[in-house]
Amino acid sequence: MFLVYGGLFFLLFGRIVFIQATGQAEGKVMATLAESKYARESVLKADRGTIVDRNGELIASDTLSYRLIAVLSEKASKDSKKPLHITDIKKTAEVLANYIPLEKDAIVSRLTNVKADTYQVEFGKAGRDISHETVLAIKKMKLPGIHFIEDQKRYYPNGVFASYLIGFAMKEEDDKGNISTVGKMGLEKTYNKQLNGTDGRVDFKSDGFGFMLPKAEEAIIAAKDGYEIKLTLDKTIQNFMEDAMNRVESEYSPKKMLAVVADPKTGKILAMSQRPAFHPSTREGLTENWLNQAVETTIEPGSTTKMFTVAAAIEEEKWVPTDFYKSGSYTLYGDTIRDHNITGWGYISFLQGFQRSSNVSMAYLLERMGDKTYIEYLRKFGFGEKTGIDLPNEAAGIILDTYPIERLTTSFGQGSTVTLMQMVQAATAIANDGVMMKPYVIDKITDPNTDKVIQDQKPEENGSPISAKTAKEVRELLASTVTSEYGTGKKFALNGYTVGGKTGTAEIPKPSGRGYLAGHGNYLYSFLGMAPAEDPQLLTYVLVQQPKLKAGEIGSDPVSKLFTSIMDNSLRYMNIVPNGEDIVEATVLKNYTGKNSTEAIAKLLADGFVPEIIGEGGEIDIQYPYAGTKLVEGSVVLLQTKGVTALPDFTGWSKKMVLSYKMLSGLDLRLNGDGYVTEQSLSKGSVIGLEDPVVIKLQSPSEIHKPIEEDTKEESVVGG
């Protein structure tokens with residue numbers, strides 16, 4: 001025994017000496033073994049970057065969600081007075097099937113087809129992105145073993161809103177089981193790298209149970225959130241567009257609708273949408289088409305092209321509006337083109353021909369200036385090549401230029417193809433005194449971790465195809481199509497604003513590629529217009545394909561309902577003064593911070609402003625808008641003081657002003673709608689606590705200012 005135990009002692013002693021001397025055991029460094037045993041790493045998740053409109057209004061962001069966990073192991077309930085694992089699989093599955101997108105049998109299978117030592121399971125995609133409301137509902141059912149882990153999901157607060165531009169992002173799991181949010185479409189996909197942040201981590205040493213060891217150091221590598229992308233879109237104008245498209249879609253069920261609103265002075269795209277559309281959070285309504293059709297697909301534009309044909313003729317000094325020509329038909333080398341009423345209107349002036357949207361008038365203009373010269377102008381206007389907009393997969397379109405008949409049909413918008421964005425870009429030259437502006441949708445990209453501006457887009461000229469004099473004359477001609485007794489654009493008149501624009505009725509190629517579709521309503525109807533016509537502030541292009549027209553209706557009916565609603569609301573929202581109304585001079589707001597509220601109120605009233613006190617009065621801590629801001633008479637000025645706040649009358653306030661009041665007062669104001677306040681749940685003078693909600697209803701100007709309905713009817717014909 002002495003020899004045995006003595007031998008074991010010397011072996012153990014020798015082993016200890018060896019380990020101390022070499023620092024190794026079983027060929028491995030002991031320090032490394034200890035590090036691997038006690039080292040822990042905790043991931044700090046980065047937020048995906050936000051997408052906001054030009055005013056900072058939220059379009060897309062990460063928001064709190066939950067992940068569903070089902071604990072199966074009985075070990076979880078050890079030493080617990082109540083079960084912490086699932087005790088009744090069938091009942092649990094039956095309840096969960098009411099809240100997550102999985103059938104009862106599938107849930108049962110997920111909970112039973114596991115290894116014997118499985119501690120817990122998850123439910124894949126069906127168990128992720130669960131809302132707070134759903135979590136509360138499930139918790140009320142008191143299911144043992146059902147737990148939730150806080151997570152994040154992509155949130156689109158505006159619903160169906162520029163969905164083919166914004167796109168969507170969703171959670172994906174890679175081969176290693178790592179879950180991340182990935183942009184799958186639109187800007188979410190194009191700028192996925194910029195939007196995706198970099199996860200951080202916390203390195204520390206812990207005991208066997210995962211708790212940090214005493215005096216252990218922790219190394220923190222902070223997470224870097226994704227970049228913020230600020231768009232040129234204006235949320236309010238975009239909502240005007242979405243509302244108008246919803247109404248027209250409901251009434252006419254067209255095959256397709258497209259609309260774009262731009263600032264012709266800068267090239268900024270203020271709104272862009274299409275139908276069919278989808279909800280980016282649920283993907284409801286998403287079809288096999290994943291294209292942003294204003295940029296990625298081409299069309300034959302129809303008679304809207306005539307504004308560029310006339311612009312070229314004016315620039316070449318070949319346009320004489322009082323000259324006469326014989327309308328009806330025109331023959332070129334055996335090929336005959338006709339006006340949309342076939343027989344024409346006899347001998348009419350070129351001015352009347354343009355107002356009536358005569359194809360034959362374009363043929364004679366082409367003859368005067370030369371068809372190849374005309375094609376050169378089209379290229380100057382940017383047709384046949386990409387605009388360079390900051391969106392992917394832009395189409396270039398094709399200018400048919402091989403044969404004389406192709407150049408002839410192109411002059412009135414048939415044969416050659418364009419994108420909506422090319423048409424908008426070209427029209428900026430007419431609206432902007434000959435200077436063509438490159439369209440863009442990304443205003444600024446900012447790193448929120450450092451506030452460093454990564455990209456700051458400025459307006460960019462894309463050529464000057466015509467002179468300012470020509471542009472002014474074309475605008476006058478476009479305005480005459482709306483005001484003239486012969487004009488095809490009468491339905492597009494606005495209440496108080498001058499409009500210049502051109503209608504289009506384009507044929508649709510058959511799926512076989514041979515010939516065109518025919519029949520009532522089987523066309524692509526459009527309008528490219530600007531307002532106010534004398535100095536355009538907005539440029540809008542709308543297109544409706546194959547609407548289901550009622551008896552007596554024509555193609556311009558759904559198009560005009562789109563255009564007039566979008567334009568009228570947007571112009572009023574932008575405070576562009578209608579004709580006949582007095583222009584109100586702006587006054588610079590003074591600084592009232594630190595002054596007594598009584599004195600400030602008196603001075604503000606004298607300047608024609610409407611002061612609103614937040615608090616009980618006394619010394620002013622903050623004012624909004626800030627000193628130096630130019631305001632028109634009747635503008636509300638918020639003055640924050642200390643003390644309890646009594647509610648003002650919010651009627652007529654803009655959404656932006658209500659949000660400012662909410663921020664300064666800290667009150668729980670819940671806004672319903674867009675535009676201007678029409679109702680509030682608590683009356684003026686009510687004194688409430690910070691926890692008491694106040695519901696405020698807003699309505700868009702379209703529900704306050706109704707555009708004039710025109711009684712005139714436009715001829716239902718190709719080329720109109």
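Spin-label model, ALA468/ASP668: points 7 Å from Cα along the beta carbon direction are separated by 5.7 nm. Per-peptide packing, taken as the mean over residues of other Cβ atoms within 10 Å, places 50-58, 563-571, 476-484 in the sequence 563-571, 476-484, 50-58 from highest down.
Relative to the longest principal axis of the Cα atoms of the chain, helix 359-369 runs at roughly 80 degrees. When the pairs LYS372/LYS490; LYS386/LYS444; LYS444/LYS656; LYS256/LYS502; LYS184/LYS502 are compared against a 25 Å limit on Cα-Cα distance, LYS372/LYS490; LYS184/LYS502 fall above it. Sparse packing (at most 13 other Cβ atoms within 10 Å of the Cβ) combined with a DSSP loop state is found for none of the chymotrypsin sites (Phe, Trp or Tyr not before Pro) in the stretch 362-394.
Please work out the FRET efficiency for the pair ASN55 and ASP456, using the Cβ-Cβ distance as r and a Förster radius of 25 Å; give the result to the nearest 0.05.
Working: r = 17 Å, r/R0 = 0.66.
The pair ASN55/ASP456 has a calculated efficiency of 0.90.
The angle between the Cα long axis of helix 235-252 and the main principal axis of the chain comes to about 70°, on a 0 to 90 degree scale.
Modelled spin-label separation between THR87 and ILE398, with each label point placed 7 Å from Cα along the Cα-to-Cβ direction: 7.3 nm. Expressed as a whole percent, the accessible area of the stretch 616-693 that falls on carbon and sulfur atoms is 51 (1.4 Å probe).
Charged neighbours of MET436, selected by a Cβ distance under 11 Å, balance to -1 (K, R count +1; D, E count -1).
Quote the FRET efficiency, to the nearest 0.05, computed for LYS115 versus SER80 with a Förster distance R0 of 30 Å and r equal to the Cβ-Cβ distance. All intermediate terms of the calculation are to be shown ahead of the outcome.
Numbers: r = 23 Å, r/R0 = 0.77.
FRET efficiency, LYS115 to SER80: 0.80.
For the pair the stretch 277-355 / the stretch 635-684, the C-alpha centres are spaced 48 Å from each other. Under the convention that each Lys and Arg Cβ holds +1 and each Asp and Glu Cβ holds -1, the size of the dipole of the chain around its Cα centre is about 1880 debye.
Candidates (i) 263; (ii) 148; (iii) 206; which is the computed volume of the Cα convex hull per residue in Å³? Step by step, volume of the Cα convex hull per residue in Å³ for this structure corresponds to label (i). Looking at the square roots a ≥ b ≥ c of the eigenvalues of the Cα gyration tensor of the stretch 602-684, which shape do they give, rounded for a/c under 1.5, prolate if a/b is larger than b/c, or oblate? Oblate, because a/c is 1.5 or more while a/b does not exceed b/c. What angle do you read, to the nearest 10 degrees and between 0 and 90, between the alpha-carbon axis of helix 371-380 and the longest principal axis of the chain? Helix 371-380 sits at roughly 30 degrees to that axis.
Net length available on complete extension from VAL644 to LEU291 is 121.8 nm, with 0.36 nm assigned per residue and the Cα-Cα distance removed.
Using only Cα positions of the stretch 274-407, each an equal point scatterer, no hydration layer, compute I(q)/I(0) via Debye at q = 0.11, 0.20 Å⁻¹ and quote the log10 values to two decimals. Once normalised to I(0) and log-transformed, intensities are -0.53, -1.16.
Among the GluC sites (Glu not before Pro) within the stretch 318-405, those in coil by DSSP and having at most 16 neighbouring Cβ atoms inside 10 Å are GLU385.
If R0 equals 60 Å, the separation of the Cβ atoms of GLU619 and GLU385 corresponds to a calculated FRET efficiency of about 0.45.
Were the residues from GLU284 through LEU517 laid out at 0.36 nm apart, the gain over their Cα-Cα distance would be 80.8 nm.
Every helix of 4 or more DSSP H residues in the chain counts as -39500 (n - 2.57), and over all residues that averages to -8500 deg cm²/dmol at 222 nm.
Taking 0.36 nm per residue of separation and subtracting the Cα-Cα distance, full extension of the segment from ALA602 to ASN178 would add 146.4 nm.
Summarising the label geometry, the points placed 7 Å from Cα in the beta-carbon direction at LYS595 and TYR333 lie 7.7 nm from one another. For the chain, the solvent-accessible area of protein heavy atoms averages 49 Å² per residue (probe radius 1.4 Å; ligands and nucleic acids excluded).
The values are calculated or read from the model by the stated rules, or taken from the named source; none is laboratory data. Quick caveat: nothing in here was measured; it's all calculated off a predicted structure. Backbone-built Cβ (ideal geometry, glycine too); neighbour counts: all protein chains shown. Ligands, DNA and RNA are excluded from the accessible area calculation, which covers all protein heavy atoms including side chains. Shrake-Rupley method; radii C 1.70, N 1.55, O 1.52, S 1.80 Å.
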